[in-house]
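The following block contains the structure, expressed as structure tokens.
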Amino acid sequence: MRKLSLLFAAVCMASTAAFAQKQIASPRDSVSGTVAGSEIKIWYGSPSVKGRTIGKEIAPYGKVWRTGANQATTFTTSKDIKVEGKTLAAGKYTLYTTPDEKEWKIIFNSQLMDGSRPIWGIKMDGSTTDDPAKDVLVVTVKPMKSKENNERFKFALNDKSFVLLWGDIAVPVKVK
């Protein structure tokens, strides 16, 4: 019986360590600040490129992406803002994107919960949880070459925009 208990404890420890490793692979991160007079906060999972090609093996071109990893990315604004010239009401949204070589769609969606749980971002089959019927705002922006290579996905804020940065790609989104 003692051997069985020790074996069970070892299996539990190994699975806990494996789970912890998996969680660290794409840690949660956030960025917040004042953009165009509004307090903005973006909370996201930060995956690594790990030698993969953006647009192919990760964040495939032409498909809706959860814009980060694990739990869906959230975007909060304290005031109504204009995103690429279109109005986004103050509030909290899930943020999805449709990457492409020449343009990215930025999607603000009103669905924050899946029943009593925060929305995860993807389904078991790997497809996104974005429900187009709940898309509040969709804008199109042009990606550009990043000034530096970013192994980890991240967002940056300045007084006039937020920017998605990953690998050698920068995706600026104007805010007024």
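The values are calculated or read from the model by the stated rules, or taken from the named source; none is laboratory data. Not measured: the values here are computed from a predicted model. FYI the Cβ positions are ideal-geometry reconstructions off the backbone, even for glycines, and counts take in every protein chain you see. Heads up: the accessible areas ignore ligands, DNA and RNA and are worked out on the full protein's heavy atoms, side chains in. Shrake-Rupley method; radii C 1.70, N 1.55, O 1.52, S 1.80 Å.
Would you mind finding the one in SER30, SER48 that is among the polar types (S, T, N, Q), more than 28 Å from LEU88 (Cα to Cα), at pLDDT 90 or above and touching a Lys or Arg at 6+ places or on another chain (Cβ under 8 Å)?
Working: SER30 fails: more than 28 Å from LEU88 (Cα to Cα).
Result of the check over SER30, SER48: SER48.
Continuing with this model, one more query. Of the residues in the range 44-80, how many are at negative phi, open to solvent by 20 Å² or more (accessible area, probe 1.4 Å), in contact with a Pro (Cβ under 9 Å, 6 or more places away or on another chain) and part of a loop (DSSP other than H, G, I, E, B)?
Final tally of qualifying residues: 5.
Still on this structure: Filter the range 53-81 down to residues that are touching a strand residue (DSSP E or B) at 6+ places or on another chain (Cβ under 8 Å) and acidic (Asp, Glu), then give me how many there are.
Filtering the range 53-81 for residues touching a strand residue (DSSP E or B) at 6+ places or on another chain (Cβ under 8 Å) gives 54, 59, 62-81.
Keeping just the survivors that are acidic (Asp, Glu) gives 80.
Matching residues across the range 53-81 total 1.
To keep it simple, each residue is scored yes or no on (1) at pLDDT below 95; (2) within 19 Å of ALA170 (Cα to Cα); (3) touching a Cys at 6+ places or on another chain (Cβ under 7 Å); (4) not charged (D, E, K, R).
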residue: LYS82; (1), (2), (3), (4): no, no, no, no
residue: GLN111; (1), (2), (3), (4): yes, no, no, yes
residue: ARG117; (1), (2), (3), (4): yes, no, no, no
residue: LYS123; (1), (2), (3), (4): yes, no, no, no
residue: SER127; (1), (2), (3), (4): yes, no, no, yes
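Could you list, ordered by first residue, the pairs with Cβ atoms under 6 Å in which the first is in the range 39-56 and farther than 15 Å from LEU165 by Cα and the second is assigned to a loop (DSSP other than H, G, I, E, B) and open to solvent by 10 Å² or more (accessible area, probe 1.4 Å), at least 6 apart or interchain?
From the range 39-56, the pairs are GLU39/SER78.
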